[in-house]
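The next block holds one structure in the form of structure tokens; read it before the comments.
The values are calculated or read from the model by the stated rules, or taken from the named source; none is laboratory data. Predicted model only: the values in this text are computed from it and were never measured. A quick note on method: Cβ atoms are made from the backbone with ideal geometry, for glycine too, and the neighbour counts reach across all protein chains shown.
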Amino acid sequence: MCPIVSKNELVLSNEFTKRLISLLDEAYESVYIFMFDWKWYKNDFSCDVSQINQALVRAVRRGVSVQTLLNYDEIVPTLQKVGINAKKYNFKHLLHAKSIVIDRETIVLGSHNLTQNAMVNNVEMSIVLNDKELAGRIIKYFENIWSS
């Protein structure tokens with residue numbers, strides 16, 4: 001498959017939702033997510049985060065493996081119910097990382113949490129990179145924490 005991203009991109013606050021959804025809709029193999037805060041707005045399917053959540057559900061239904069490590073455990077059962085392999089980070093330190101690796105080569109790295117505040121109220125910035133080596137290092141870090 002061709003890389004999803006041909007050049008590095010800066011994604012600012014109001015661009016994030018649309019760009020992330022387009023990346024997730026092109027995913028064909030795997031998505032690894034480190035996320036400090038993630039909300040599931042079950043009464044508002046049109047908000048930005050619900051649209052991202054729906055893109056992740058579509059990915060799972062296409063057979064894409066989606067795994068996430070989270071700082072908070074409230075959303076874990078909901079994510080597991082839709083087929084996302086979710087786990088709370090259970091160490092004394094805070095999981096504050098926010099990164100998404102798609103198909104082992106596309107990286108979304110920045111300040112965005114998966115919350116409505118991050119999408120519409122905060123000043124946020126993320127970058128999208130195409131770097132297999134760096135993606136591999138992030139996945140290895142993810143898997144080491146996951147198995148600990």
query: What about D103, is it within 20 Å of F16 (Cα to Cα), of a type in the set (D, E, K, R) and loosely packed, with under 15 Cβ neighbours inside 10 Å?
result: no
- line: Picked from the range 132-142 (must be touching a residue at least 12 places away in the same chain (Cβ under 8 Å) and under 19 Å from S111 (Cα atoms)), the residue surrounded by the fewest Cβ atoms within 10 Å (Cβ to Cβ) is L134
task: Filter the range 27-43 down to residues that are without any contact (Cβ under 8 Å) to a residue 60 or more places away in the chain and not basic (K, R) and give me whichever is nearest to L129 (Cα to Cα).
output: W40
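Tell me the residue from I145, I75 that is over 19 Å from L12 (Cα atoms) and either in contact (Cβ under 8 Å) with a residue 40 or more places away in the chain or touching a helix residue (DSSP H, G or I) at 6+ places or on another chain (Cβ under 6 Å) (or both), please.
Working: I75 fails: either in contact (Cβ under 8 Å) with a residue 40 or more places away in the chain or touching a helix residue (DSSP H, G or I) at 6+ places or on another chain (Cβ under 6 Å) (or both).
The conditions single out I145.
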- request: Read through the list (1) of a type outside the set (G, A, S); (2) modelled with pLDDT of 90 or more; (3) over 12 Å from the mean Cα position of the chain (by Cα); (4) surrounded by fewer than 19 Cβ atoms within 10 Å (Cβ to Cβ), then give the number of the only condition that D48 fails.
  value: (4)
- prompt: Of (1) in contact with a helix residue (DSSP H, G or I) (Cβ under 9 Å, 6 or more places away or on another chain); (2) loosely packed, with under 14 Cβ neighbours inside 10 Å, N117 satisfies all except one. Which?
  reply: (1)
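Looking at T17, is it outside any strand (DSSP E or B), over 23 Å from Y141 (Cβ atoms) and either out of contact with any strand residue (DSSP E or B) (no Cβ under 9 Å at 6 or more places or on another chain) or modelled with pLDDT under 95 (or both)? So that I can check it myself, show each step before the final result.
Numbers: outside any strand (DSSP E or B): yes; over 23 Å from Y141 (Cβ atoms): yes; either out of contact with any strand residue (DSSP E or B) (no Cβ under 9 Å at 6 or more places or on another chain) or modelled with pLDDT under 95 (or both): yes.
Answer is yes for this residue.
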- prompt: Which fully enclosed strands (runs of 3 or more DSSP E) of the range 55-133 have 1 or more residues being modelled with pLDDT of 95 or more and of a type in the set (V, I, T)?
  reply: 65-70, 99-102, 106-110, 125-130
Of all residues in the range 65-94 being under 18 Å from I138 (Cβ atoms) and among the small types (G, A, S), the one that is surrounded by the most Cβ atoms within 10 Å (Cβ to Cβ): A86
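If a residue must be among the charged types (D, E, K, R) and under 30 Å from K7 (Cα atoms), how many such residues does the range 74-107 contain? Break it down stepwise before answering.
Initially, the range 74-107 is screened for residues among the charged types (D, E, K, R), giving 74, 81, 87-88, 92, 98, 103-105.
Right, trim to under 30 Å from K7 (Cα atoms) and you get 98, 103-105.
Result for the range 74-107: 4.
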message: Whether any residue in the range 19-36 is over 14 Å from the mean Cα position of the chain (by Cα), under 29 Å from S148 (Cβ atoms) and aliphatic (A, V, I, L, M) is what I want to check.
response: no
